[in-house]
1. Tilt of helix 264-285 relative to the longest C-alpha principal axis of the chain, in degrees (0 to 90, nearest 10)?
2. Determine the percent antiparallel among the DSSP beta bridges restricted to the range 22-262, to the nearest 5.
3. When only Cα pairs under 8 Å and 6 or more residues apart are kept, what is the percent relative contact order across the chain?
4. What is the set of long-range amide H partners of GLN186 at a cut-off below 5 Å, with H atoms built 1.01 Å from backbone N?
5. Could you tell me the calculated FRET efficiency between ASN355 and HIS34, based on Cβ-Cβ distance and R0 = 51 angstrom, to the nearest 0.05?
6. Run the numbers for LYS177 and ASP8: contour at 0.36 nm per residue of separation, minus the present Cα-Cα distance, in nm.
7. Quick check on my link table: of LYS58/LYS348; LYS140/LYS209; LYS255/LYS348; LYS116/LYS365; LYS58/LYS214; LYS116/LYS226, which ones sit more than 30 Å apart, alpha carbon to alpha carbon?
8. So if each residue of separation counts as 0.36 nm, and I subtract the Cα-Cα distance between ARG224 and CYS91, what length gain in nm does that give?
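Every number in this text was worked out from the coordinates using simple rules, so none of it is lab data. Worth saying up front: this structure is predicted, and the values here are computed from it rather than measured. Cβ coordinates were reconstructed from backbone atoms using ideal geometry, including for glycine residues, and neighbour counts include every protein chain displayed.
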Amino acid sequence: MTPVNQPDRIYLDNAATTPLDEQVLETMLPFMRHHFGNPSSIHTHGRQVRSAIEKARKTVADLLNTSPAEIFFTSGGTEADNTAICGSVKCLGVKHIVTTALEHHAVLHTAEMMAKHGDVQLHILPLDPHGFPILEELEKLLSTLNEPVLVSLMHGNNEIGNLNNLGHIGEICAAHKAFFHSDTVQTVGHYPHNLQQINLDFMVGAAHKFHGPKGVGFLHVNHRVKIDPFIQGGAQERNMRGGTENVIGIIGLAKALEIAYQGMEDHRSHIENLKQHFIQKLKSRISGVSFNGGCDRLENSLYTVLNVSLPTSDFNDMLLFKLDIARISASGGSACSSGSQVGSHVLKAIQADPNRGAVRFSFSKYNTLAEIDTVVDVLEGLYATIATGSYIATS
């Protein structure tokens, strides 16, 4: 089943959020209409809902090949990242945080805050020319640190799509007895994660990145580590998160992840075809086009993300607006920074040319080749006007 779409618009901003799957909505509706009990209540209404939450927790744990006791539901990826990082510093004695300048602000700003308050020393790893962390430098750094360390490296970058090797990073961390946290928000539901095969202390997910509802996510905490609650005020989530659970969201998250795993290979094949088609069309139709990061190399890039670097023009600062007029929704970077006048910290970190237009197109199972062709036509029309210095509206 497909979500309710706007047929006259093309949505290519799925890294920001995805449309809700109709099957997910149907699974959530009974908990809006009938099963309204507070899961902390001991009466029948409450117990019915508590049972549904624990069933959802087991579904998530089974798909990730871990124990339900290691899955804690949160309000989303940002809270989960904050819980892992702050909990590591407070409860695990972490004195050093190692990360990169490409991390989502949920990680980077939290680590910077900890360093500003004198709780930790922050280490920013150098990057290779394509924006990947230089793991030899990580090994060198860890070999010199004699106090507890938290390494926080995302699995897939939300802006340029770079895909890190969690297994290799986990091995490095294990060899140096460092704690390992990964923001996996962009990859949960799109890639399989087997937590019995990866040395990972913390990982996170957000339902709205894989066709589930907004406002709900999860934190995986390996049984080897123990941290205190980030939110106080109740014994919910096995004493790990105060506050009445987002029952509807939790039910939706589990169903969305279940659907994602059932169709993962087919969806990946479909979306990779869209991305390859887009790359080839752009190269053949727009002179001077290139790609930020490693997103055009499918073997180590998110198949859902393509960050396009477009030729210098006098309308690049209005590029997203022009695309929107043409009924195309895309992004100039992380959606969490939209509305801000500050440029993308990711593009700055990889030293992308600020004079070129940068658009992040991100795909889902609902996109089509016909949509990709339309977007290329619009972009070609825009950049064909550079030579004449005129703009022809594409509406």
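1. 30
2. Around 45 percent antiparallel, to the nearest 5.
3. 22 percent.
4. Close amide H contacts, sequence-distant or interchain: GLY156.
5. Efficiency, from the Cβ-Cβ distance: 0.35.
6. Net length gain for the segment: 55.5 nm.
7. Over 30 Å Cα-Cα: LYS58/LYS348; LYS140/LYS209; LYS255/LYS348; LYS116/LYS365.
8. 46.6 nm
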